[in-house]
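Here is the structure we will look at, set down as structure tokens.
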Amino acid sequence: MQPVVKHLYVHIPFCARRCAYCDFNTYANLEDRIEPYIAALCAELTLLAQEQSQPSHDSPLAIVRNDYLPPTARVSRATLQPSIFFGGGTPSMLTLGQLERILHAASALVPLDTAEITLEANPGVLLGADMAALDYLRGLRELGINRLSLGVQSLHDPTLRVLGRTHTAAEAYRCFAAARRAGFTSINLDFMFGLPGQTVVQWEAALAEVLTWGADHFALYALILEERTPLAAQVMRGQVSVPDDDATAAMYEAAMYYLAAAGYAQYEISNWARIVEQQPISANGHGLCQPDDLDSSLPALACQHNLAYWLNSDYLAAGAGAHGHVYPQRYANLAAVDAYIAAVQAGRRPVAEWVPLTENDLYAETMFMGLRLNAGVSLAHFRDRCGVDLDVIYGDLLCELAQTGLIERRAWGVRLTERGRMLGNQVFARFV
Amino acid sequence: MHEQNRIRNFSIIAHIDHGKTTLSDRLLQLTGTVSDRERREQHLDAMDLEREKGITIKAKAVRMHYTASDGLNYECNLIDCPGHVDFTYEVSRALAACEGALLVVDAAQGIEAQTLANVYLALEHDLTIIPVVNKIDLPGAHPEQVAQEIEDVLGLPRDEVILASAKEGVGVPDILEAIVQRIPPPHGQRSQPPRALIFDSHYDAYKGVIAYVRVVDGVFPSGARVKFLGTGAQAETLELGAFRPTMMTLPELGAGEVGYIATGLKVVDECQVGDTVTVADNPATTPLPGYRPAKPMVFAGLYPVESNAYTELREALEKLKMNDAALSFQPESSAALGFGFRCGFLGLLHMEIVRERLEREYDLDLLITAPSVEYQVLCTDGEIMVVDNPSEMPEVSKIASIEEPVVQISIITPSRYIGVIMELVTSKRGIFDTMDYLDPQRVLLKYRMPLAEIVVDFYDQLKSRTQGYASLDYALAGYQEAELVKLDILVNGQPVDALSLIVHRDFAQSQGRELVEKLRSLIPRQMFEVPIQAAIGGRIIARETVRAMRKDVLSKCYGGDVTRKRKLLEKQREGKKRMKMVGNVEIPQEAFMAILSLGEKKT
């Protein structure tokens, strides 16, 4: 039985200004389209809800609340909380009223009371809002938004300017503090490393500083120079230089070291969550945890929505350019805002492309997404997602990879080694 | 059909970019051979590759009809000829088919080494030369000075020089008149047994090998059985005719005429450039002079990246060979690269053209090893071995001496570059021969140099060190003994035969060092550290290390970008496919050609 689709991504393709490194589907100076866009978004959500079969969400399917998730639970699709993720773009450009309308429409798809609801926020935009940041953040909490993801990116103001960010490090901190005061108990900070002009020493200093903030979650990304972004062009022309691969590797290693020392558990290649209430490992109803699984377990503050991606779960997506995945199909919405609005106004799903997925796609994606998790891919998860045993499909390949020392096989499944985490693509590419 | 005295056969000698193609187009246009409507830019260069490289690889022949100022109609045959040192023999055959040649010199650039070499070839064949100074419309043109240079250097009187701009059409009618008035008509004997010179050929899928011929004596009737005096092959004439500019059949080809004979032969080998063709039942016995079977000078191994493409590669080479008598190939195997072919080429350009055609037209992924020349090795047991593959060089203890091919090179350069050229030539083991001033600013330098040094990167270096001003020509000048050693390259401790080189003892150390440095920059980081070493007879003379890859992972991968990230991973995987696994190291294609780009950093 397919579990009901319980994850929803909502794309807000508006920004006050484009960042130099960004190649996402987002537009600056289209503020006059926000109202019609929200209307279209709500209409799309309603269309989605009509298409979904409508089983009640209080079905026997055990939905475990974030708070009750034991810290060492073996990761599985069934135990994930339902989730809504507002990504962008800059979702924090929306007014509380607009967000409320979207959430209302989304409630037909995802039970708001039990869901993890994340909103990506840009510190610069929050502070620039007409409303005081604190009031806005309180408003978000009241709407049921319970997780905030702040795009801090760097604590070095000149670098923030090169990136095209509109905030300063001090403003980012004020934003974080305000979010805490507003009652957010799950706050993620996005940072980048391998930034123009950055050194390993600077990065370590930034880590040391930001670790004093006490955030709940970190997402640390090595800068990717995406083609056709202003930053890539500047680097190409030699106007800006970025650290080489060795320096970037050293920064990544530093991050792993500092975050672990400060009590954060890495659970994915770029994601860490604060470890809460260190319970003794015991039989906890999941039954799969062995003592050697400590480091392949899942911290309670892990992002449920992103876990859905890494577990190759089904998820819906709404908004311009958003991508949904309901096996055996993936769909991509129309990327241009006006085209998107027009399609929905005409009463159609605003889908630009349906991509059929084969069983092989399902196997491959389950592997290369799943192996990103420190918990790896368990035999149980692979069977649950793919309906077939892992060894039947990938037995030989896994043996070969194990010999390179990039992955390790355990009784319960397979995961990247420390070295494999640094060289993940060498493993992932073997599955595509 | 025209009487011989109304036939003019001519060729165009020009340096690359001096305007040969534009002038050819103008002539075709002015004589109505192609209408304006069908006029395609650059009519004679049919192959894409030629157009891209701006050079003419295969000679072509076009028949034009021109009514001259004397009111008579003339048949003018333009025989196009290649303009690159690799193809000197082809040029000489094309010239041998003519009575005259247009010498086209750029009004801004003046005479170049290539031009000079080809003019001498034309003079050897007693051709009447009509000097044309082209591109007089260019801002940098100094036509008078160039006309004077033509008189001083080539002894062609100033008043015979025609000033022209083929692009603007200026002077083109004068050129046509001069072709008719100055170039003598052919004077073959129609009554003699037929003889025709093959100056080019190509393979046609329907008509077999098409021989491009200049009939010297007699008459070739359509349908006659023909015989090739050099190769001894015989064939039916499926069709004969002339190019106007597309193939037009004729009932016969008589003495003095230029045209084609479709032979139905399956490979151009049997119908080689320079050979004499005659009619089987009325055969001529004396071949026309100058025939020489095509002889490759540069050799390299060609290997499929994917070893299962070996058969495809062989079939592709066989097809290319149908059209290219100068290409030779035979199977060879390499411990590092598996099964492939040792191929012989006229020169580096020829090699590059063959490689590109294999990749483009046959969609093959190829590895090509560093080019080598043919060494003659005298062994201690008295045996003489011919070695064109460094990995086949016998052990040092078994070698008594090694001889290598040498060439005479001619360089024409502005005199301010004499110093840098001297330095370059000396570093390539060249020995100074003569120096002649063509005019106060320009010098003709001659050296003797090992061919092996030229096939590597000499031409590119000459061009870059002289800002493109110097031009080069070379001709084989025999063999000479040299202190040569085999330089082996070890990757991750394993010798890679396909990377071995023959180098001069005195340069072995520095070339070994440079080569391993270059290889380090070309071989991508692997999951482990890879030492790269250069060795002579087991002694390591240089070492570099490709450090292990430390980080290679997509840091960001969420729902929305699964498709994109997947494509990135697929691309990464495809990239690996382009590399050759040697032992457990992935070596990219360029690494095998690393030797070609040594010394670049010096310039």
Could you tell me the relative contact order of chain B? Use alpha-carbon pairs under 8 Å, at least six residues apart, and round to a whole percent.
10
Computed for the protein assembly as shown: size of charge dipole around the Cα centre, +1 on C-beta of each Lys and Arg, -1 on C-beta of each Asp and Glu, debye to nearest 20, value 2160
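Roughly how many Å² is the accessible area per residue of the stretch B:305-372, as a whole number, for a 1.4 Å probe? Write out the running numbers ahead of the final one.
Numbers: 2710 Å² over 68 residues.
Roughly 40 Å² per residue, with all protein chains present.
Per DSSP H run of at least 4 residues, take -39500 (n - 2.57); add these up for chain A, divide by its residues and hand me the 222 nm value, nearest 500 deg cm²/dmol. Spell out each step's value before the answer.
On the way: 16 runs with 162 residues, N = 432.
When only DSSP H runs of four or more count, the value is -11000 deg cm²/dmol.
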Expressed as a whole percentage, what fraction of the accessible surface of the stretch A:359-429 belongs to carbon and sulfur atoms when a 1.4 Å probe is rolled over the protein heavy atoms?
47
Looking at the stretch B:220-323, which GluC sites (Glu not before Pro) are DSSP coil and have at most 15 other C-beta atoms within 10 Å of their C-beta?
B:306
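With a 1.4 Å probe and all protein chains kept in place, how do A:270, B:410, B:191 rank by accessible area, largest first? Write out the running numbers ahead of the final one.
Numbers: A:270 0, B:410 25, B:191 105 Å².
Reading off the accessible areas and sorting them downward yields B:191, B:410, A:270.
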Around residue A:16, what is the net charge, scoring Lys/Arg as +1 and Asp/Glu as -1 over all other residues with Cβ under 12 Å from its Cβ?
+2
Cβ-Cβ cut-off under 13 Å around residue A:236, Lys and Arg +1, Asp and Glu -1: the net charge is 0
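In the protein assembly as shown, what % of DSSP beta bridges are antiparallel (nearest 5)?
Details: 133 of 182 bridges.
In the protein assembly as shown, approximately 75 percent of DSSP beta bridges are antiparallel ones.
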So which residues in the stretch A:189-232 end up with at least 10 square angstrom less accessible surface once the other protein chains are there, compared with the chain by itself, probe 1.4 angstrom?
A:221, A:222, A:224, A:226, A:227
Across the alpha-carbon set of the stretch A:359-429, Rg over Rh with Rh taken as the Kirkwood radius works out to 0.92
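Would you mind telling me the antiparallel percentage of the DSSP bridges in chain B, rounded to 5? List each step's numbers first, then the result.
Details: 110 of 129 bridges.
Here the share of antiparallel DSSP bridges comes out near 85 percent.
For every other residue with a beta carbon closer than 13 angstrom to the beta carbon of residue B:145, add +1 if it is Lys or Arg and -1 if Asp or Glu, then tell me the sum. Don't jump to the answer; show the numbers that get you there.
Details: positive: B:158, B:442; negative: B:106, B:144, B:149, B:151, B:152, B:439.
With Lys, Arg at +1 and Asp, Glu at -1, the net is -4.
Given only helices, namely DSSP H runs of n ≥ 4 each adding -39500 (n - 2.57), what is the per-residue ellipticity at 222 nm of chain B, to the nearest 500 deg cm²/dmol?
On the way: 13 runs with 144 residues, N = 603.
After summing the helix terms and dividing by the residues of chain B, the value is -7000 deg cm²/dmol.
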Could you grab the relative contact order for the stretch B:470-513? Cα pairs under 8 Å, six or more apart, rounded to a whole percent.
34
Under a straight-distance cross-link criterion of Cα-Cα below 23 Å, which lysines are reachable from residue B:567, leaving out those fewer than 8 residues away in the same chain?
B:551, B:556, B:576, B:577, B:580
For Cα pairs less than 8 Å apart in space and 6+ apart in sequence, what is the mean separation divided by the residue count of chain A, i.e. the relative contact order in percent?
18
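Could you give me D for the stretch B:498-601, from Stokes-Einstein at 4 °C and 1.567 mPa s, where the hydrodynamic radius is the Kirkwood radius over C-alpha pairs? Units µm² s⁻¹, please.
Working: Rh = 15.8 Å.
Once the numbers are plugged in, D ends up at 82 µm²/s.
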Below 18 Å, Cα to Cα, which lysines can residue B:428 reach? Residues fewer than 8 away in the same chain don't count.
B:446, B:463, B:486, B:601, B:602
What is the mean number of Cβ atoms from other protein chains located within 10 Å of the Cβ atom of each residue in peptide B:221-229, rounded to a whole number?
0
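Considering all alpha-carbon pairs of the protein assembly as shown, what whole percent are spaced by more than 41 angstrom? Walk me through the intermediate numbers first.
Working: 303563 of 535095 pairs.
Here the long-distance tail beyond 41 Å is 57 percent of all Cα pairs in the protein assembly as shown.
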Suppose R0 equals 45 Å. What FRET efficiency, 1/(1 + (r/R0)^6) with r the Cβ-Cβ distance, do residue B:416 and residue B:494 give to the nearest 0.05?
0.40
Which of B:279, B:263, B:253 sits closest to the plus end of the dipole of the stretch B:182-293, meaning its Cα is farthest towards the positive end, when Lys and Arg get +1 and Asp and Glu get -1 on the C-beta?
B:253
Euclidean distance of C-alpha centroids, the stretch A:322-337 and the stretch B:452-517, integer Å:
56
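Taking the stretch B:189-264, which chymotrypsin sites (Phe, Trp or Tyr not before Pro) meet the DSSP loop condition and have no more than 11 other C-beta atoms within 10 Å? Walk me through the numbers on the way to the answer.
Values: sites: B:199, B:203, B:206, B:212, B:228, B:243, B:260; in loops: B:206.
Within the stretch B:189-264, the qualifying chymotrypsin sites (Phe, Trp or Tyr not before Pro) (loop, at most 11 other Cβ atoms within 10 Å) are B:206.
Hey, what does the equivalent ellipsoid look like for chain B, semi-axes from the Cα gyration tensor as sqrt of 5 times each eigenvalue, largest first, whole Å? Numbers along the way, then the final one.
On the way: eigenvalues 413, 161, 133 Å².
Result for chain B: semi-axes of 45, 28, 26 Å.
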Could you please state how large a percent of the accessible area of chain B is carbon and sulfur, counting protein chains only and using a 1.4 Å probe?
50
When the Cα centres of the stretch A:174-190 and the stretch B:265-293 are compared, how far apart do they sit, in Å?
90
Rounded to the nearest 100 Å², what's the accessible area chains B and A bury against each other, both chains counted, probe 1.4 Å?
3200
Separation between Cα centres of the stretch B:94-150 and the stretch A:117-172, rounded to whole Å:
74
Run the simple label-point estimate for residue B:248 and residue B:397 please: 7 Å along Cα→C-beta, distance reported in nm.
7.3
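Apply the a/c threshold of 1.5 to the C-alpha gyration tensor of the stretch B:345-425 and tell me whether it is rounded, prolate or oblate.
Numbers: a/c = 2.96, a/b = 1.12, b/c = 2.65.
Note, shape of the stretch B:345-425 comes out oblate.
The values are calculated or read from the model by the stated rules, or taken from the named source; none is laboratory data. None of these values were measured; they are calculated from a predicted model. Here Cβ is always computed from backbone atoms with ideal geometry, including for glycine, and neighbour counts include all displayed protein chains. Just so you know, the surface numbers come from the protein's heavy atoms only, side chains and all, with ligands and any DNA or RNA stripped out. Shrake-Rupley method; radii C 1.70, N 1.55, O 1.52, S 1.80 Å.
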